[in-house]
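Encoded as structure tokens, the structure appears first; notes follow it.
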Amino acid sequence: MDFTRRGAIGAAVAAGLAGCAKPAPAPAPGEGYAEVPGGKVWWKRVGTGSKTPILTLHGGPGAGHNYLLPLQALAADRQVIFYDQLGCGKADSPADEKVYTIQRAVDEVDAVRKALGLEKIMLFGHSWGSVLAIEYLCQGRGKGVEKLILGGALASVPQTVAGMQRLIDALPDGRGARLHELEAAGRQASPDYQAIEKLFYDTHLCRADPTGFFAQSGEIVAKSIAYRVMNGPNEFTITGVIKDWDRRKDLGAIKLPTLITTGEFDEVTLDCHETIRDGIAGSKLVVMKDCSHATMDEKPAEYVALLKPFVEQA
């Protein structure tokens with residue numbers, strides 16, 4: 001789940017459905033397309049160093065790789081690989097909604113690794129990308145994965161939704177109650193509802209965007225069929241394919257050095273991150289002050305500095 005800085009989401013998603021079979025432009029050096037279950041995804045490889053590469057899994061589902069681009073700063077001595085998952089960005093966007101499943105997304109990770117020859121990796125997952133990383137590892141797909149980094153992370157969608165509802169109820173001036181009134185009346189398209197939605201996003205999704213990368217992903221997710229089908233109409237109304245996903249009881253199967261990051265005001269509340277920390281033995285949790293969900297965009301230099309010692313540790 002990730003990145004919906006918009007109001008009339010349905011119209012934007014409907015517009016996105018039109019472009020399902022895009023012709024692939026000639027790739028630039030360090031980028032290309034990989035065949036995966038359901039179509040082709042676009043990838044970008046930064047850096048040429050020989051140390052273990054980092055494979056990044058973006059959020060959404062459907063946010064695209066753009067908002068993770070501050071992680072390029074980790075490519076001084078290793079490759080950092082980004083890709084747009086099926087249903088968003090430069091990847092194919094099949095119109096068949098049945099394509100968009102958690103299992104297909106897990107299989108997609110293996111297909112990308114195979115296409116790019118990524119036998120050994122560090123796996124980075126943010127938001128929905130953390131769901132994908134956890135599911136991938138819980139399925140025993142982790143051969144060659146040396147370390148795990150999870151940001152804005154969750155092991156249970158129901159737990160996450162409960163936390164978001166607490167954040168909504170805590171909005172000032174009774175706006176949380178007003179949001180629920182408007183939902184009950186079916187007035188999600190009203191300016192009043194959209195203003196409260198924006199307040200939630202500005203407080204708990206992204207509080208600053210100095211690079212502009214987050215805004216790019218906001219435009220991508222607004223057009224993403226994957227977001228609508230797998231997540232739902234907005235960040236805190238998760239009615240799609242992922243709504244019942246829960247791996248809290250299975251976290252002990254992950255036996256990797258693990259770093260977990262979150263922001264002080266993250267829409268994925270602290271208890272969700274603590275659940276992962278307590279479930280993965282030896283993992284470390286760091287909370288970034290004055291940040292929300294998009295920590296790597298709000299404070300890119302500080303975020304990279306947080307990750308570097310973990311990445312570089314032998």
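The values are calculated or read from the model by the stated rules, or taken from the named source; none is laboratory data. A quick note: this is a predicted structure, and the numbers were derived from the prediction, not measured. Every residue, glycine among them, receives a Cβ derived from its backbone with ideal geometry; neighbour counts consider all protein chains shown. Side chains are part of the model used for accessible areas, which takes the heavy atoms of the whole protein and leaves out ligands, DNA and RNA. Shrake-Rupley method; radii C 1.70, N 1.55, O 1.52, S 1.80 Å.
Brief remarks follow.
- Restricting attention to segment 52-84, the residues that are in a loop (DSSP other than H, G, I, E, B) and either free of Cβ contacts under 8 Å to residues at least 12 places away in the same chain or under 17 Å from GLU31 (Cα atoms) (or both) add up to 4.
- Residues of segment 47-73 satisfying the condition of being out of contact with any Asp or Glu (no Cβ under 7 Å at 6 or more places or on another chain) and open to solvent by 10 Å² or more (accessible area, probe 1.4 Å): GLY47, THR48, SER50, PRO53, ASN66, LEU69, GLN72, ALA73
Residues checked against (1) closer than 22 Å to THR262 by Cβ; (2) in contact with a Gly (Cβ under 6 Å, 6 or more places away or on another chain); (3) part of a helix (DSSP H, G or I):
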residue: GLY174; (1), (2), (3): no, no, yes
residue: ALA177; (1), (2), (3): no, no, yes
residue: GLU181; (1), (2), (3): no, no, yes
residue: GLN188; (1), (2), (3): no, no, no
residue: TYR193; (1), (2), (3): no, no, yes
residue: GLU197; (1), (2), (3): yes, no, yes
residue: PHE200; (1), (2), (3): yes, no, yes
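- Among residues of segment 155-175 that are within 29 Å of TYR136 (Cβ to Cβ), those with a Cβ under 6 angstrom from a residue that is open to solvent by 40 Å² or more (accessible area, probe 1.4 Å), sequence gap 6+ or separate chain, pair up as ALA155/ARG247; ALA155/ARG248; SER156/ASP246; SER156/ARG248; VAL157/LYS243.
- Of the residues ASP192, ASP266, the single one that is of a type in the set (D, E, K, R) and open to solvent by 20 Å² or more (accessible area, probe 1.4 Å) is ASP192.
- From LYS90, LYS40, LYS44, LYS114, residue being open to solvent by 20 Å² or more (accessible area, probe 1.4 Å), on the phi < 0 side of the Ramachandran plot and part of a helix (DSSP H, G or I): LYS114
- Looking only at segment 231-244, residues that are in contact (Cβ under 8 Å) with a residue 12 or more places away in the chain and crowded, with 19+ Cβ neighbours inside 10 Å come to 8 in all.
- Out of VAL268, VAL311, VAL287, sole residue that is of a type in the set (Val, Ile, Thr), out of contact with any Pro (no Cβ under 8 Å at 6 or more places or on another chain) and part of a loop (DSSP other than H, G, I, E, B): VAL268
- Of the residues making up segment 156-171, those that are assigned to a helix (DSSP H, G or I) and open to solvent by 70 Å² or more (accessible area, probe 1.4 Å) are ARG166, ASP169.
- Top-ranked residue of segment 269-293 - restricted to ones that are crowded, with 24+ Cβ neighbours inside 10 Å and touching an Asp or Glu at 6+ places or on another chain (Cβ under 6 Å), ranked as nearest to SER130 (Cα to Cα): HIS293
- Hits in segment 93-133 - residues which are touching a residue at least 12 places away in the same chain (Cβ under 8 Å), closer than 28 Å to THR48 by Cβ and of a type outside the set (A, V, I, L, M, F, W, C): GLU108, ASP110, ARG113, GLU119, LYS120, GLY125, HIS126, GLY129, SER130
- Any hit, segment 219-230, residues being assigned to a helix (DSSP H, G or I), open to solvent by 60 Å² or more (accessible area, probe 1.4 Å) and without any contact (Cβ under 8 Å) to a residue 40 or more places away in the chain: yes
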